[in-house]
Amino acid sequence: MLRGKELRFDIDGRLIAALEFGDAGGLPVVALHGWLDNAATWQWVAEQLKGVRLIALDLMGHGFSDHRSADMPYYIWDNVADMVAVLDELELARANLLGHSMGASIATLLAGCYPQRVERLCLVEGIAPLVYDAQALPQLMAQAIDKRRRMRNRRLKPWPDMESVVQARINGRWPVPEAAARALVERGVVQHTDGIYWRNDPALVQPSILRMCEEQICAFISAVEAPVQLVLGDEGIGEGLILSRLEHFAQLERYDLPGNHHLHLQPEGARVVAELVNRWSVSD
């Protein structure tokens, strides 16, 4: 298995961790994982890259990166600010971005905010953030606030051993191959005296207090100038992605493949995503 080089970024006193794969002199590509995953999710794509320097981040609250403060909810747009700071640290005036699920949504928001800073986008099973219906927002906000209050002092239950965690990851809502589950777990858990805990911030599973509306999301998509490659699995999220959003991209290529929501961890999906990114290094 390909092992990446550990990187660390100090962003206003907060640590953002990353794994670097491939040729240090290759085309820089910044990769963003999905919700509750970590940088190890890109290992199978990285093994097939040529002429590419892949920098796979642990987003805040995930993997080896710091958690946000207890009084700061995990709003997806805060990841955009983190990304801008990381690109500055990497001295990338223009970035090539690869994102899965939540990471794809972050990449789209970034490309809409800063079209001059994004060269290309490859989005895997993700387009842009979820939205709340405007009429339901007051009730949903109250529910989210109440749940945060109830969970404030809740203590997580540990897993008894690594094998239990691996099996749970294999058999989640979107199953992943065993090797991928082990890599994600290895980077995603910590051993304490009473058992094994996920490193992920428990606050990540709390409902969002606030989301954008569909009109706002489409405004971000319309502002994206970079060419976009969208890769979807035939057993993935599907209509949950709100496919009507695709018409708002200025330049879009769509690829439909066999696979579930984690198709980049499956042989065919990893191969195709790697081939798409490899084209970037050839064209530069």
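Determine which lysines satisfy two conditions relative to residue 157: a Cα distance under 23 Å, and not lying fewer than 8 residues away in the same chain.
Once the sequence-local lysines are set aside, what remains near residue 157 is 147.
Students often get this wrong: which residues of the range 82-99 have the backbone nitrogen under 17 Å from the point 7 angstrom along Cα-to-C-beta of residue 283?
Correct set: 94-99.
Rounded to whole Å, give me the distance from the Cα center of the range 263-284 to that of the range 106-121.
Comparing the Cα centres of the range 263-284 and the range 106-121, I get a distance of 19 Å.
Between the range 233-261 and the range 16-70, what's the alpha-carbon centroid distance in Å?
What the calculation gives is 22 Å, centre to centre.
Calculate the dipole size of the chain relative to its Cα centre from +1 charges on Lys and Arg beta carbons and -1 charges on Asp and Glu beta carbons; express the result in debye to the nearest 20. Walk me through the numbers on the way to the answer.
Details: 28 positive and 37 negative charges, 156 e Å.
It works out to roughly 740 debye.
I need the peptides 74-85, 202-213, 105-116 ranked by packing, meaning the mean over residues of other C-beta atoms within 10 angstrom, with the highest value on top.
On the way: 74-85: 18.5, 202-213: 15.8, 105-116: 22.7.
Answer by packing, highest mean first, reads 105-116, 74-85, 202-213.
Can you list the lysines whose alpha carbon is less than 19 Å from that of residue 5, not counting same-chain residues fewer than 8 positions off?
50
Provide the packing ranking of 249-262, 58-71, 163-176, i.e. peptides ordered by the mean count of other C-beta atoms within 10 Å per residue, highest first. Walk me through the numbers on the way to the answer.
Values: 249-262: 17.1, 58-71: 18.9, 163-176: 15.6.
Ranking the peptides 249-262, 58-71, 163-176 by packing returns 58-71, 249-262, 163-176.
Under a Cβ-Cβ cut-off of 12 Å, what is the net charge of the residues other than residue 256 that fall near it, where Lys and Arg count +1 and Asp and Glu count -1?
Details: positive: 254; negative: 125, 234, 235, 253, 268.
Neighbour charge sum, excluding residue 256 itself: -4.
Summing +1 for each Lys or Arg and -1 for each Asp or Glu, what net charge is found among the other residues whose Cβ lies under 14 Å from the Cβ of residue 148?
Details: positive: 68, 147, 149, 150, 152, 154; negative: 71, 146, 201.
Once positives and negatives cancel, what remains is +3.
Select from 122, 62, 143 the residue farthest towards the positive end of the dipole of the chain; place +1 on Cβ of Lys and Arg, -1 on Cβ of Asp and Glu, and compute about the Cα centre.
Of the options given, the answer is 143.
Between residue 179 and residue 268, 0.36 nm times their residue separation minus their Cα-Cα distance comes to what?
Working: separation 89, 0.36 × 89 = 32.04 nm, distance 1.54 nm.
Once the chain is fully extended between residue 179 and residue 268, it gains 30.5 nm.
Each value in this text was obtained by applying a stated rule to the coordinates, not by laboratory testing. If you're wondering where the values come from, they're calculated on a predicted model, not measured in any experiment. All Cβ positions, glycine included, derive from the backbone under ideal geometry; neighbour counts span all protein chains shown.
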